[in-house]
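Please treat every number below as a calculation from the coordinates, not as lab data. Quantities reported herein were computed from a predicted structural model and do not represent experimental measurements. All Cβ positions, glycine included, derive from the backbone under ideal geometry; neighbour counts span all protein chains shown.
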Ligand SMILES: N[C@@H](CCC(=O)N[C@@H](CS)C(=O)NCC(=O)O)C(=O)O
C-alpha cells in the first residue's frame, strides 16, 4: 500500500467506497477501476462522515457493514486469531493460553525497544533521548538473539504472535532503520540467529508475500525532508533474504 500527500492508498478501488483520483483529493470517482486510487481516508469517511481522528494503517474494514472495525494493530491481530475460525480461517493459534505470559513479556520489550524504538531513535529531538533509545534497542536485539539460540521462534518452536509483531521492523531494519534512523550499532545481518530467523520467516509465503523492500525505501528515504533532504534513495544493501537458513535443522539449547 503506497503513501503520498493524500495518505495511504490502494491501487484499485474496493467495495464501492468513493475514492480519490490519485490527486490526493477525494475526487468523487468510484474507486473501482484499475489505475484508480482509493485513499484510506475514504474508508474512514464512509464509516463515519464526522470522523476527525488519525487515519492509520493497518485498518480492519467490514465489507458488509461498510464500517471501520478497528485500527489498532495489536487488537486486529487478536481478532484475526480468534474471530474468523467460524468463517473458515485456518492456521495455528498464535496466542495459545499456555504461552500468553511469555508472549506478552516479549511483545512488551519488542514494542518499546524495537517497533517503537526505531522511531524513538530516528525522531529523537536530542542526543540523550537518541542514546537512551539506541541502547535499549540493541540490548533488546541481544536478548532476542539469545532467545533464538534456544528455540526456532521467539517463544518456543512454533510461530506465535510475538514473531508476527517483530517481523515488520525486523525486515525493514537493514534496508531502512540502520542508516535512515541511525540505528547503526549492528545490522541484523551481523547477528547469526536473527539473520537466519529473518530468512526463515521471509521464506514463509504468508510473511514474504507482504514484503516490498523498494517501496519501504521510497516511503522512508523519499518522504523525509528533515532526515533526508536530498530525497536520494539508497540502492543497497544486499539483503539475500532468499538464501538458505539453518533454523529447521540446527540444534537448540541453553
Ligand atoms: N496504534 C496504531 C498506530 C498505527 C500507525 O501509526 N501507523 C502509521 C504507519 S506505520 C500510520 O498509518 N501513520 C499515518 C500516516 O502515515 O499517514 C497501530 O499500531 O496499529
The FRET efficiency for residue 97 and residue 75, from their Cβ-Cβ distance with R0 = 22 Å and rounded to 0.05, is 0.75
Exposure-ranked with fewest Cβ neighbours within 10 Å first, 137, 143 stand as 143, 137
Taking a ≥ b ≥ c as the square roots of the eigenvalues of the Cα gyration tensor, with a/c under 1.5 meaning rounded and otherwise prolate when a/b exceeds b/c and oblate if not, segment 71-209 is prolate
FRET efficiency (residue 64, residue 116; Cβ distance; R0 35 Å; to 0.05) is 0.55
Rg/Rh over Cα atoms for the chain, Kirkwood Rh, comes to 0.98
Reduced to Cα centres, the span from segment 198-213 to segment 162-187 in Å works out to 14
Calculated from DSSP helices alone, with each H run of at least 4 adding -39500 (n - 2.57) and the total divided by the residues of the chain, [θ]222 nm to the nearest 500 comes to -11000 deg cm²/dmol
